[in-house]
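Structure first, then comments.
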Amino acid sequence: MTEITIRIIQAEDREAVVSLWHDVFGDDKEYIRDFLNLLSTCGYTAAAFCGEELCSMTTVIRDLSMETESCSYLYAVATREGYRSQQLASRVLDFCVKKEQKDGRLVFTAPAEDGLFAWYDRTIGAKHIVSCSKKHAGYLPEAPLLSIEKIDAVSYGSLREQILNNYPHIAAGQDYLRLTDCLCSYYGGGLYRIGASIAAVYPEGDTLRCQELLPGPDKEEDVVQTLLHTFRVRSIDYRTIGTGTDYIAAVSPFPRSDWFGLILD
């Protein structure tokens, strides 16, 4: 039987991670390399090796916090076809959770679909569910529009903390926001200031995908319509402050069930 080894990847494993990520998620390899380069400043990738072959992986992003708690986000869980149903992903996740908890960090993930909440509960005990408000809106031809500009991670982070100052939230460091910008920019979007509001968005066909929309003092509808007109799409799906949609599964309980955070999924 082939020996299974779980460990943090080294530089010589990088292209194997790129290959697995590309095969499972379909992302461009140059984007994956850019993401991994940014990740090296704020996290790591752990993997299961079957002999010499990298066959399952996840990334751990550490540049997050809430109040006095440091947080770790499990992202991009993938297993090579032919090695599935062998609990390799479970073993990699367990390795990461134990490592992060040993360092005193709160661990969470954002299941890509509702059916995965139960799987993460069984796998790593991620039973503490956090919700946000997820909304959908359509294009209105006659709508008041605000000023809009693309901004960098530093500016976005500063505005984000101002808007969320009085609301419980996961604070995102500059390195994490650069990862968010990398993802959104790859798909043709980015980090934006709209009036006094902010959003992390990218277009997908005729719909705008919004990782978070924080309206600040502006009318939410005006922010939404400005984004729709700017990207020339028919509709937008976005997350914002509130409750109603489960989106985070945490291994340890958050202080509140509506603790708002910016996620990549």
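This table checks each residue for (1) hydroxyl-bearing (Ser, Thr, Tyr); (2) closer than 21 Å to Ala171 by Cβ; (3) under 21 Å from the mean Cα position of the chain (by Cα).
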| residue | (1), (2), (3) |
| --- | --- |
| Cys42 | no, yes, yes |
| Leu64 | no, yes, yes |
| Tyr75 | yes, yes, yes |
| Gly82 | no, no, no |
| Leu88 | no, no, no |
| Asp94 | no, no, yes |
| Asp103 | no, yes, no |
Taking Ala47, is it without any contact (Cβ under 8 Å) to a residue 24 or more places away in the chain and over 16 Å from the mean Cα position of the chain (by Cα)? no
Exactly one condition in (1) farther than 23 Å from Lys98 by Cα; (2) in contact with a Lys or Arg (Cβ under 6 Å, 6 or more places away or on another chain); (3) of a type in the set (A, V, I, L, M) is not met by Ala16; state its number. (2)
Applying the selection to region 85-118, what residues are surrounded by fewer than 16 Cβ atoms within 10 Å (Cβ to Cβ) and either assigned to a strand (DSSP E or B) or of a type in the set (A, V, I, L, M, F, W, C) (or both)? Ala112, Ala118
Residue hits (region 121-145; part of a loop (DSSP other than H, G, I, E, B) and open to solvent by less than 50 Å² (accessible area, probe 1.4 Å)) are Gly125, Ala126, Ala143
List every residue pair whose Cβ atoms lie under 6 Å apart, where the two residues are 6 or more positions apart in sequence or sit on different chains, the first residue falls within region 135-154 and is modelled with pLDDT under 95, and the second residue, located anywhere, is in a helix (DSSP H, G or I). Ala143/Gln225; Pro144/Asp222
Contact list, first residue from region 174-200 and within 12 Å of Leu264 (Cα to Cα), second anywhere and charged (D, E, K, R), beta-carbon distance below 7 Å, six or more apart or interchain, is Tyr176/Asp63; Cys182/Asp34; Ala200/Glu212
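The values are calculated or read from the model by the stated rules, or taken from the named source; none is laboratory data. Fair warning: this is a prediction, and the values are worked out from it, not measured in the lab. Don't worry about glycine lacking a Cβ; one is built from the backbone with ideal geometry, like all the others, and counts go over all protein chains shown. The area values use the complete protein model at the heavy-atom level, side chains included, leaving out ligands, DNA and RNA. Shrake-Rupley method; radii C 1.70, N 1.55, O 1.52, S 1.80 Å.
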